[in-house]
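Only one structure is covered here, and it is reproduced in the block below.
The values are calculated or read from the model by the stated rules, or taken from the named source; none is laboratory data. Just so you know, these numbers come straight off a predicted model, no measurement behind them. Here the Cβ positions follow ideal geometry from the backbone for every residue, glycine too, while neighbour counts run over all protein chains shown.
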Amino acid sequence: MNNKKNQGGKLRIIPLGGLGEVGKNMMAYQYGENILVVDTGLMFPENDMLGIDYIIPDFQYLLENRQIVRGVIVTHGHEDHTGAIHHLMEQLNVPIYATPLTRGLLEVKLARGGLLEKLQLNTIQAGEEVQIGPFTVEFFHVCHSIPDGVGLGITTPAGLVIHTGDYKFDHTPVDNWPTDYAKLAEFSGRGVLALLADSTNADKPGWTPSERVIDPAFDQVFRAAKGRIIIASFASLVSRMQQVANAAVRHQRKLAFVGTSMVENARMARKLGYLDIPEELLVTVEQALKMNPKDVVLMSTGTQGEPSSIMGRLSTGTNRQFDILPGDTVVLSSHPIPGNEESVYRTINRLFRRGAKVIYEAIAPVHVSGHASQEEMKLMLNLVRPKFFIPIHGELRHLKQHAAIAQQVGIPEERIAVVENGQVVEFENGQMHTGERIPGGYVFVDGAGVGEIGPDVMREREILARDGFVLVNLTMDRNTCRLLEEPEIITRGFIHATDAEDLLDATRKMVVQTVDCTSNGRLQTDLEQTLKSFLYSKTKRRPMVFVTLSKA
Ligand SMILES: [Zn+2]
Ligand SMILES: [Zn+2]
């Protein structure tokens with residue numbers, strides 16, 4: 001630390017993720033030589049991001065300023081707020097602050113990477129206050145689809161900022177702990193410089209229904225099911241696990257959690273007292289598979305149509321442990337993340353084809369959102385009465401809509417900043433202005449590789465996926481550079497070779513002619529170009545073309 005601590009007297013709000021997209025939430029608050037990070041989320045890839053496991057924020061800015069990062073607060077245990085924690089902590093060892101359940105879920109992640117021992121994790125509770133550098137952070141409880149979520153009141157020398165995290169105003173939440181209205185009103189009494197609020201459902205009119213509406217929907221499903229019930233949700237939707245367990249008790253079925261993340265998260269949440277599941281209710285998958293189908297419920301992940309998830313594998317008959325049986329009831333207790341709709345519906349169709357009865361959000365209320373709808377957004381704005389407003393968590397359309405809602409409740413347009421990742425916003429002397437742009441793009445995680453996959457590789461994967469490749473191997477005389485054998489042509493994903501003898505013959509002929517009249521030095525690149533245009537002229541497709549030379 002040096003004496004430039006309060007240099008500038010400027011509060012900088014630096015969105016690193018979650019603004020202009022749904023997922024990978026990460027916000028940095030900077031005052032002088034101090035940075036406080038809120039959330040470290042991941043985002044699931046879109047359909048056209050081939051082979052990508054997930055995406056994390058570009059936190060280059062934090063690494064460049066590593067000596068002034070004072071801490072990381074994680075607001076709740078969902079993947080889009082926690083999923084990048086080990087990527088950040090591998091490079092930046094700073095204290096982490098989280099409520100007990102969130103901390104437990106973070107520990108599960110950090111333990112897998114072997115990072116846990118090296119890090120400083122601090123447990124905080126809603127209602128408490130923590131001093132982190134010049135930031136006094138007050139945690140207030142919010143309802144969401146996971147217990148133990150918090151929003152933040154951050155008092156800075158430039159003023160008080162409220163960061164809601166994900167929230168809704170559920171009067172009858174599963175854990176009977178509503179959002180802390182009183183605290184929000186109290187903040188308002190002190191005067192709030194800026195509100196940063198969740199925009200995920202900004203295009204949904206009215207109020208988000210209470211989590212309670214799921215219980216009767218589950219009851220109906222359980223009553224009607226003659227065979228096994230398989231419920232898919234996110235491994236971090238702890239409230240949903242509780243509701244499934246409660247329904248299992250009511251309908252005398254045993255419950256088995258399937259998949260590592262589901263099993264580990266359930267164990268952690270039970271240990272910490274956030275899941276109330278009697279021991280005798282639980283069975284292992286192995287036990288469940290031996291039981292009478294009408295006596296069991298299985299709960300797994302895989303609601304987003306991910307091919308490698310349990311639900312994805314069940315839909316294609318490639319799950320190792322068990323298959324879908326005719327008479328199974330499959331419940332998708334979730335909402336497709338924008339961009340995943342197509343693969344979700346494909347999975348549903350495949351499950352039907354395998355004989356399952358599939359129940360999903362569109363046919364029964366087996367899922368409700370954990371995010372505030374428009375009327376709740378108005379309530380938040382009216383409770384907090386901020387001077388300035390910055391919508392967070394959402395695609396640009398959600399942020400714009402949230403801004404329009406803020407205007408409806410009387411916040412002037414010039415006091416609202418709709419910004420996307422990487423666009424810094426600054427507050428100084430009670431005024432807001434936009435600062436510089438910093439990197440705020442995607443970092444792809446692909447297997448063990450982080451950030452190694454750039455746009456070039458993505459483009460190549462698209463070409464390979466769309467039109468395949470053609471490989472031509474030439475065996476040439478070392479001295480004369482004459483072809484010694486017929487060119488060998490191998491194709492994959494381009495054309496079915498036995499149906500395309502004519503094309504392959506023509507290609508071979510073309511190669512022989514070209515080789516004879518081309519200078520040796522540029523043979524490969526020239527021939528690749530010529531082949532590309534030749535194949536395009538014949539097929540109107542653009543496969544990748546490789547030419548290899550062996551000299552004899
Ligand atoms: Zn969430
Ligand atoms: Zn979220």
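Go through segment 7-26 and count every residue that is modelled with pLDDT of 95 or more and either within 14 Å of ligand 1 (Cβ to nearest atom) or surrounded by 24 or more Cβ atoms within 10 Å (Cβ to Cβ) (or both). Looking only at that region, the number is 11. Considered as a group, the residues in segment 157-170 that are surrounded by fewer than 24 Cβ atoms within 10 Å (Cβ to Cβ) and either at pLDDT below 95 or outside any loop (DSSP other than H, G, I, E, B) (or both) include one that is nearest to ligand 1 (Cβ to nearest atom), and that residue is Leu160.
Any idea which residue in segment 44-73 is farthest from the chain's Cα centre (by Cα), counting only those that are surrounded by fewer than 24 Cβ atoms within 10 Å (Cβ to Cβ) and within 16 Å of ligand 2 (Cβ to nearest atom)? Only one residue tops the list, namely Tyr54. Where strands (runs of 3 or more DSSP E) sit wholly within segment 445-552, those with at least 3 residues that are surrounded by 11 or more Cβ atoms within 10 Å (Cβ to Cβ) and without any contact (Cβ under 8 Å) to a residue 40 or more places away in the chain occupy 488-492. Regarding segment 137-150, can at least one residue be identified that is under 27 Å from Met241 (Cβ atoms), within 16 Å of ligand 1 (Cβ to nearest atom), over 17 Å from the mean Cα position of the chain (by Cα) and of a type in the set (D, E, K, R)? Yes, some residue in segment 137-150 is under 27 Å from Met241 (Cβ atoms), within 16 Å of ligand 1 (Cβ to nearest atom), over 17 Å from the mean Cα position of the chain (by Cα) and of a type in the set (D, E, K, R). Flag: Ile52 matches the condition of being of a type in the set (A, V, I, L, M), touching an Asp or Glu at 6+ places or on another chain (Cβ under 8 Å) and part of a loop (DSSP other than H, G, I, E, B). Inside segment 105-131, can you point out the residues that are basic (Lys, Arg) and surrounded by 16 or more Cβ atoms within 10 Å (Cβ to Cβ)? Once the filter is applied, which keeps residues that are basic (Lys, Arg) and surrounded by 16 or more Cβ atoms within 10 Å (Cβ to Cβ), segment 105-131 yields only Lys109. On the basis of being under 30 Å from Lys183 (Cβ atoms) and either among the hydrophobic types (A, V, I, L, M, F, W, C) or touching a helix residue (DSSP H, G or I) at 6+ places or on another chain (Cβ under 8 Å) (or both), does Arg385 make the cut? For Arg385, the condition - under 30 Å from Lys183 (Cβ atoms) and either among the hydrophobic types (A, V, I, L, M, F, W, C) or touching a helix residue (DSSP H, G or I) at 6+ places or on another chain (Cβ under 8 Å) (or both) - is met. Those strands (runs of 3 or more DSSP E) of segment 370-444 in which at least 2 residues are aliphatic (A, V, I, L, M), considering only elements entirely within it, cover 386-392, 423-428.
Candidates in segment 345-387 are the residues that are more than 19 Å from Gln243 (Cα to Cα) and within 16 Å of ligand 2 (Cβ to nearest atom); of these, the one that is surrounded by the most Cβ atoms within 10 Å (Cβ to Cβ) is Ala372. A search for C-beta distances below 7 Å between a residue of segment 305-326 that is at positive phi and any residue that is among the aliphatic types (A, V, I, L, M), counting only pairs 6+ apart in sequence or on different chains, returns Gly305/Val344. Residues that are assigned to a loop (DSSP other than H, G, I, E, B), of a type outside the set (Asp, Glu) and surrounded by 15 or more Cβ atoms within 10 Å (Cβ to Cβ) were ranked within segment 179-208; the one that is farthest from ligand 2 (Cβ to nearest atom) is Trp207. Exactly one residue out of Glu280, Glu264 is of a type in the set (D, E, K, R), out of contact with any Gly (no Cβ under 8 Å at 6 or more places or on another chain), part of a helix (DSSP H, G or I) and at pLDDT 95 or above: that is Glu280. Of the candidates Glu426, Glu436, Glu420, the single residue that is buried (at least 16 other Cβ atoms within 10 Å of the Cβ), modelled with pLDDT of 95 or more and touching a strand residue (DSSP E or B) at 6+ places or on another chain (Cβ under 7 Å) is Glu426.
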